[in-house]
Amino acid sequence: MNIAFISHASVLNGAPISLAELVEEILRGRAAETILVGWPAPGPILKKYDLSGADIFFYAAGFRGREILVTRPKIKKKLQKIFTEKKVDLVIANSLESFRAVQAASERRIPVIWMIHELMTAYRNRRELPEMKAAAHRADRLIFNSRLSLDLSSELGEGIKGKSGVIYPGIYIPTQIADRRTIRQELGLAVEGVVLGCIGDICPQKGIEPLIRAFEIISRSLPEARLLIIGRTPERFREFKNRLMDLCRELDLSERVDFPGEKLDLPRWLSALDLLIHPSGRESFGRVIIEALAREIPVVAARSGGAEEILTDGKTGSLVPVGDPEALARAALSMISDPARSRSMAQRGRVEVKEKYSITRTATEWEEEIKRFSRIYS
């Protein structure tokens, strides 16, 4: 059986990382099937993960290597040609943006599973929404990354929920907790002092502006604290990042707020933090939250949907209203001022992550999905 996983992007953010780690884990144990992975173009994700056991191909390279938008109609034809040449038996398309892969497979009568990582409420004004809805009806199975995203599946049309399920993204869980001081030294960070961090693409919906305003409040009590805002800045949000840096200067925070950019070794940067702050205003899941808890890093998060599914307020983390700098600051200061309580919450969080979100468990659940299709279509 030839199984083709199709990613909508090659960057280091939630959906592509979840796909890469899933494929990496599946490759460890599969012998009977050929695993293929389609990326739009070469990107940083291929520098981080060992997918050498898979047949890697690129499907969105245009004139002079320029990447074609994966939502363009011509992508469907390119994928259909590849599926035919590689004799693909099952397609697993990753994210709503991969709807052309769903179209390509269904029109060639190839079974297709669609992995949905997004909240449908964010797509109500997308011009491609009618095509996404049509693709959802043609997909054989839809797998959502949280109960919240599944509950919104009706936005794709009637009857979708009946052929849908939930498989949580999984992560590699470290066997030991890294020494924070050692990690900071290796990364060139100050060994002493409080280091707070936020990880994710730098864009408006991630709640970074309220976070900076919250950090100004935190700095009044902890003038030595530093804030790391780690992540890539998509080209269309360059001006937004400039405004954030202007805000830091306006609030006299420029010396205490850093934008280190995108990092291949994110787990190490997480391990350097005293507290992860996840201020996002809209999330179907929140992968970085479970990555932090797996390393016993305490978490404060906005009630953005996915965070509420992962964290139990006061038990495994702290939840605050979306877009409320004062509440964010209060929760962060409470966690920092009571390290024993924060550590206890993070330890309980690690236990839950090991039970619910290990990559082994996720891969096993996907193995069952694949076996189901093997039986149906063999």
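Condition check: closer than 21 Å to VAL288 by Cβ and touching a His at 6+ places or on another chain (Cβ under 6 Å). Does SER18 satisfy that?
Against the criterion (closer than 21 Å to VAL288 by Cβ and touching a His at 6+ places or on another chain (Cβ under 6 Å)), SER18 does not qualify.
Restricting attention to the range 92-123, which residues are of a type in the set (Lys, Arg) and closer than 20 Å to LEU69 by Cα?
ARG100
Does LEU69 meet the test of being modelled with pLDDT under 90 and farther than 19 Å from SER18 by Cβ?
So LEU69 passes the test.
For the range 62-109, which positions are of a type outside the set (D, E, K, R), touching a Pro at 6+ places or on another chain (Cβ under 8 Å) and over 24 Å from TRP366 (Cα atoms)?
ILE68, VAL70
Can you confirm whether LEU270 is in a strand (DSSP E or B), within 21 Å of the chain's Cα centre (by Cα), under 23 Å from ARG303 (Cα atoms) and not assigned by TED's automatic domain parsing to the domain that holds GLU367?
Taking the combined requirement at face value, the residue does not satisfy it.
In the range 268-317, what count of residues is obtained for those that are farther than 18 Å from VAL351 by Cα and polar (S, T, N, Q)?
Qualifying residue count, the range 268-317: 3.
Have a look at LYS263, LYS163 and point out the one that is among the charged types (D, E, K, R) and closer than 30 Å to GLU369 by Cα.
Within the list LYS263, LYS163, the selection yields LYS163.
The values are calculated or read from the model by the stated rules, or taken from the named source; none is laboratory data. Quick caveat, the model's predicted, so the values are computed rather than measured. Cβ atoms come from the backbone with ideal geometry, glycine included; neighbour counts cover every protein chain shown.
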